[in-house]
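Novice: I have a structure I would like to understand better, so I am pasting it below and will then ask my questions one at a time.
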Amino acid sequence: MTPELDRICRVLRAAAAAEILPRFRRVASREKADGSLVTEADTATQAAVASTLQNLWPGVPLLGEEMDAAEQRLRLEDAQTGVWCLDPLDGTSNFACGFPLFAVSLALLQGGVVTRGAVLDPVRDECFCAELGGGAFLNGQPLRLAAGPRRLKDSLAAVDLKRLGPKDLVRLGAAAPYRSQRSLGCVALEWCWLAAGRLQLYLHGGQKLWDYAAGRLIASEAGAASGLFEPALGSAGLRPTEGLTLEPRMAVAAADQALLGAWLAWIGGDRTAG
């Protein structure tokens, strides 16, 4: 694990200790224009992380979830030269309800790709991190999925049901190909738990760049396989997308490439896959 990744994890741990954990089960929430929740912990954490990053890496701007859309679009233009992408509190609904699954997610975008990422689970004190081409780590220890044959029917899946269509929900309920299904309510941790082998399949109907940037890199560096798609299943099928965008994306992932192929085939309508 590089010193840079260690510094990023320290930034997240300090912000969570100061701004998130003291407010857990003690803070009210309000609804944003898009219907999602925000709390004082979200805004305070974003401010704390932004200040620390500016001190440690001066001149690298920040794209945060709690910015307005115009400012986010402006900051995304810095993705070639370098910009931080922050979700100060992923899983705000969990946090607001006292459900102990939430995280801070931070990624560095350079050259139009994610080059570094870290996700902190402050409740379990687990910091997942990765560097492009440099592997993934959990609390400083290498994180690598074991090789071996995997089948859909033996897999535990994380499936976000809220953003799927009625027909997709019926199919998953009546003929799901996996052993069992969970939904953590925290995108960043769902990616990281896939990286840690706690899940083998993943399906989410629409997540934003700050939701998946760090977590997807961590999962990839641990050996998982994934794809991002236009946020719709239905008769049009899956439409892959590339590049960085602020538009929501459907995420499909699995513990390895072969299992992802079987998962994608099933999602596409092949009930015999895997």
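Novice: Given the residues L109, L101, which is the only one that is over 15 Å from A188 (Cβ atoms) and assigned by TED's automatic domain parsing to the domain that holds R25?
Specialist: Details: L101 fails: over 15 Å from A188 (Cβ atoms).
Every option except L109 fails the conditions.
Novice: Can you find a residue in the range 101-108 that is in contact (Cβ under 8 Å) with a residue 40 or more places away in the chain, surrounded by fewer than 24 Cβ atoms within 10 Å (Cβ to Cβ) and within 15 Å of A41 (Cα to Cα)?
Specialist: Checking the range 101-108: at least one residue is in contact (Cβ under 8 Å) with a residue 40 or more places away in the chain, surrounded by fewer than 24 Cβ atoms within 10 Å (Cβ to Cβ) and within 15 Å of A41 (Cα to Cα).
Novice: For the range 59-75: of the residues being farther than 18 Å from A118 by Cα and in contact with a helix residue (DSSP H, G or I) (Cβ under 8 Å, 6 or more places away or on another chain), which is surrounded by the most Cβ atoms within 10 Å (Cβ to Cβ)?
Specialist: Among those residues, the one meeting the criterion is E66.
Novice: On to the next question. Within the range 239-253, which residues are more than 18 Å from R171 (Cβ to Cβ) and either assigned to a strand (DSSP E or B) or not assigned by TED's automatic domain parsing to the domain that holds W193 (or both)? Talk me through it step by step, then tell me what you get.
Specialist: Start the filter on the range 239-253 by keeping residues that are more than 18 Å from R171 (Cβ to Cβ), which leaves 239-249, 251, 253.
The answer is P240, R249, A251, A253.
Novice: Could you say which residue among A157, A136 is assigned by TED's automatic domain parsing to the domain that holds D211 and over 18 Å from A16 (Cβ atoms)?
Specialist: After applying the criteria, what remains is A157.
Novice: Additional query: Can you go through A219, A224, A254 and tell me which one is crowded, with 21+ Cβ neighbours inside 10 Å, among the small types (G, A, S) and under 13 Å from the mean Cα position of the chain (by Cα)?
Specialist: Every option except A219 fails the conditions.
Novice: Filtering the range 205-214 down to residues that are of a type in the set (G, A, S) and assigned to a helix (DSSP H, G or I), which residue is surrounded by the fewest Cβ atoms within 10 Å (Cβ to Cβ)?
Specialist: A213
Novice: Can you work out which of the residues in the range 168-204 that are in a loop (DSSP other than H, G, I, E, B) and of a type in the set (A, V, I, L, M) is surrounded by the most Cβ atoms within 10 Å (Cβ to Cβ)?
Specialist: Ranking the qualifying residues of the range 168-204, first place goes to L199.
Novice: Let me ask something else. Within the range 227-245, can one find any residue that is farther than 27 Å from A70 by Cβ and hydroxyl-bearing (S, T, Y)?
Specialist: Scanning the range 227-245 turns up at least one residue that is farther than 27 Å from A70 by Cβ and hydroxyl-bearing (S, T, Y).
Novice: Still on this structure: Restricting attention to the range 20-68, which residues are acidic (D, E) and at pLDDT 80 or above?
Specialist: Matches in the range 20-68: E40, D42, E65, E66, D68.
Novice: In the range 141-195, which residues are among the hydrophobic types (A, V, I, L, M, F, W, C) and more than 24 Å from F128 (Cβ to Cβ)? If you could, list the steps in order and put the result at the bottom.
Specialist: Quick first cut of the range 141-195, residues among the hydrophobic types (A, V, I, L, M, F, W, C) only: 143, 145-147, 152, 156-159, 161, 164, 169-170, 172, 174-176, 184, 186-189, 191-195.
Matches in the range 141-195: L152, L161, L164, L169, V170, L172, A174, A175, A176.
Novice: For the range 134-150, enumerate the residues that are modelled with pLDDT of 95 or more and in a loop (DSSP other than H, G, I, E, B).
Specialist: Result: G134, N139, G140, R144, L145.
The values are calculated or read from the model by the stated rules, or taken from the named source; none is laboratory data. Just so you know, these numbers come straight off a predicted model, no measurement behind them. Backbone-built Cβ (ideal geometry, glycine too); neighbour counts: all protein chains shown.
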